[in-house]
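Here the structure is laid out as structure tokens; the discussion comes afterwards.
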């Protein structure tokens, strides 16, 4: 399992939100490129970058920063938050995560996945199994199960499953929901939300359902607040390899 240390961007700053609430923001720095370089130097196999402004519909305000991060490190970048086309892929990002558009424009996701094999993931950001859109500000009528069924055979590279209720709270991952996702699809699944410790990472790395394991875990606040380093997290993710 790979560690995906996360850089969330809001107005150009590195932040973390609590349960996706834009009114509950913690500021962790102003130089996202330097943060990414630090992650890369510690051996991060991926870096997950989210444009929170674009996610809620304010446009790709942080697109230049995302491109700068991709240019500054040799580590592959996975970018989410308001992705609607392949511009980030053309700018050097290795993989994009499509969330809101996966609900509203499924044909666009199918087309991009076909044009960019292995480089388009679908984000399943959910509250109690219901998919949230527009930066988690709205709830759709789609469920995680329905979205997995829709995209399982569409050629997407991965599903990024985020339990919004746990995101940013350091309360532990949603193992039940992640196990259900693993049971439903052979498409790789990446866990997001709630990771608080090396023990959480080891738990996720050791999960196995019908012979399938998680391929990655995204974490942000636990790293920024010193619960573990990227280097320690990478080692924990490899503990069940």
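What follows is calculated from the coordinates using simple rules that are stated; it is not laboratory data. Since the structure is predicted, the reported quantities are computational estimates derived from the model, not experimental observations. So basically every Cβ, Gly included, is an ideal-geometry build from the backbone, and we count neighbours across all protein chains shown.
Some points to look at:
- A Förster radius of 25 Å combined with the Cβ-Cβ distance from residue 71 to residue 26 puts the calculated FRET efficiency at roughly 0.40.
- Length-normalised contact order for the chain - Cα pairs under 8 Å, 6+ apart - percent: 20 percent
- If R0 is 35 Å, the Cβ-Cβ spacing of residue 130 and residue 239 corresponds to a FRET efficiency of close to 0.60.
- Counting only Cα atoms, region 2-237 measures 38, 37, 33 Å along its principal axes, largest extent leading.
- Value at 222 nm in deg cm²/dmol, rounded to 500, when DSSP H runs of n ≥ 4 in the chain each add -39,500 (n - 2.57): -9000 deg cm²/dmol
- Rounded if a/c under 1.5, otherwise prolate or oblate - region 1-125, Cα gyration tensor axes: oblate
- FRET E, pair residue 141, residue 84, Förster distance 22 Å, beta-carbon r, rounded to 0.05: 0.60
- Backbone N within region 35-55 under 19 Å of label point (7 Å from residue 91 Cα along the Cβ vector): 35-37, 47-55
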